[in-house]
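A.B. asks: Quick one: structure below, then a few questions.
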Amino acid sequence: MFYLKKVLALAASAVMCLSLAACGNDDDDDDTEKSSKKKSKDYSSAVELMEDVKEHVDDLGFKVKIELNMNIKMARGSQSLEMSMTQTTDGESDRKIKHAVNKRSTVVPQKPERNKDETEEYYKVKNGEESDKYSTADGGSTWICESSSSDDDEDFADSPESFDKAELKSVSKGYEIRGKMSELGEANPLAAEDAESFKSFGIEDMEYIITINSSLEPVSFVVEKMDFTAPQEKAEEALGEGGTINGDIEILMRYSDWGKVKEGDIVIPDAALAAK
């Protein structure tokens with residue numbers, strides 16, 4: 001899940017930064033046919049369902065919106081500091097080009113001089129076995145281009161076999177899949193290094209809920225609000241003896257407009273292309 005991978009990577013880095021801040025011490029008929037497909041059978045497993053989902057949405061463009069909220073409270077003795085981070089991503093994909101705008105806001109009520117708003121825009125284009133990523137830098141004044149493996153472009157529906165340990169339930173408007181991020185294998189949007197960052201602050205794993213509608217289109221990917229407490233050693237490393245760090249995190253990812261984002265709808269600016 002390229003979009004969610006990006007959000008989680010930024011969140012993992014934000015966990016580190018927030019703690020360190022305290023130290024301071026096309027229009028063809030086939031698409032129409034696909035999007036009108038209705039639930040026609042009972043599925044025995046999440047893998048079986050996701051195999052049909054993959055077949056259905058494999059070449060359909062879509063839009064996605066992600067919201068991540070994280071709150072952290074740090075304390076030592078009579079002193080405490082609270083911070084919050086909200087990150088939103090608005091994205092779209094025609095299955096050849098991915099485009100998104102990330103906005104991140106960090107708020108420190110007791111120290112407003114540390115408040116920060118950041119925005120990043122990027123495009124990612126498949127180029128054989130690699131992908132070219134164009135992203136803004138220097139506050140949006142310049143563009144840079146980087147290449148990476150196309151494997152990073154996969155969405156969770158691309159790896160049905162990764163859901164072999166997930167629970168499947170039929171609901172009124174489709175299906176619900178529940179499981180743990182660590183059990184998703186290749187479909188896990190949390191990179192190993194980011195998972196380690198989260199673990200160091202007491203977030204051992206995340207439980208997800210995926211909703212699929214009766215047309216076999218993903219609707220949402222949710223990590224419900226979960227509380228965490230950093231291990232004492234990590235807290236004292238950041239804050240000193242007797243320091244504590246705790247907080248909560250939640251993620252909501254919503255899909256829409258399946259089959260409505262067509263090839264040619266997403267245009268990469270000339271200024272970005274010039275960065276290659």
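Bear in mind these aren't lab numbers, they're just calculated from the coordinates by the rules spelled out. Since the model is a prediction, treat every value here as computed from it, not as a measurement. Cβ atoms come from the backbone with ideal geometry, glycine included; neighbour counts cover every protein chain shown.
A.B. asks: Specify whether the C-alpha gyration tensor of the stretch 133-276 places it in the rounded, prolate or oblate class, a ≥ b ≥ c being the square roots of the eigenvalues: rounded for a/c under 1.5, otherwise prolate if a/b is larger than b/c and oblate if not.
C.D. replies: Oblate.
A.B. asks: Lys/Arg Cβ at +1, Asp/Glu Cβ at -1, dipole of the stretch 93-233 taken about the Cα centre: which of Ile177, Ser162, Ser148 is farthest positive-ward?
C.D. replies: Ile177
A.B. asks: Tell me, Asp270, Asp155, Asp194 in order of fewest to most beta-carbon neighbours within 10 Å?
C.D. replies: Ordered from fewest to most neighbouring Cβ atoms within 10 Å, Asp270, Asp155, Asp194 come out as Asp270, Asp194, Asp155.
A.B. asks: Short version: ³J(HN,Hα) in whole Hz for each residue of the stretch 201-212, in order, from phi by Karplus 6.51 cos²θ - 1.76 cosθ + 1.60 (θ = phi - 60°), x for Gly and Pro, what are they?
C.D. replies: 10, x, 9, 6, 7, 10, 9, 10, 10, 10, 10, 10
A.B. asks: Let me ask something else about it. List Val53, Val219 from most exposed to least, where exposure is judged by having the fewest other Cβ atoms within 10 Å.
C.D. replies: Val219, Val53
A.B. asks: Also, quick follow-up: How would you rank Met50, Met226, Met85, going from fewest to most other Cβ atoms within 10 Å of each one's own Cβ?
C.D. replies: Neighbour counts put them in this order, fewest first: Met226, Met85, Met50.
A.B. asks: Shape call for the stretch 72-160 from the C-alpha gyration tensor, a ≥ b ≥ c root eigenvalues: rounded (a/c under 1.5), prolate (a/b greater than b/c) or oblate?
C.D. replies: Numbers: a/c = 3.16, a/b = 2.07, b/c = 1.53.
Verdict is prolate for the stretch 72-160.
A.B. asks: Return the subset of Lys103/Lys173; Lys98/Lys173; Lys54/Lys103; Lys96/Lys173; Lys54/Lys98 for which the Cα-Cα distance in this structure is over 22 Å, preserving the input order. Each step should come with its number before you reach the end.
C.D. replies: Values: Lys103/Lys173 32 Å; Lys98/Lys173 28 Å; Lys54/Lys103 29 Å; Lys96/Lys173 30 Å; Lys54/Lys98 18 Å.
Beyond 22 Å: Lys103/Lys173; Lys98/Lys173; Lys54/Lys103; Lys96/Lys173.
A.B. asks: In whole angstrom, how far apart do the alpha carbon centroids of the stretch 85-116 and the stretch 206-221 sit?
C.D. replies: Comparing the Cα centres of the stretch 85-116 and the stretch 206-221, I get a distance of 23 Å.
A.B. asks: Just going by the charge dipole of the stretch 226-276, with Lys and Arg at +1 and Asp and Glu at -1 on Cβ, which of Tyr255, Pro269, Ala230 is farthest out on the positive end?
C.D. replies: With unit charges placed on the Cβ atoms, the residue in question is Pro269.
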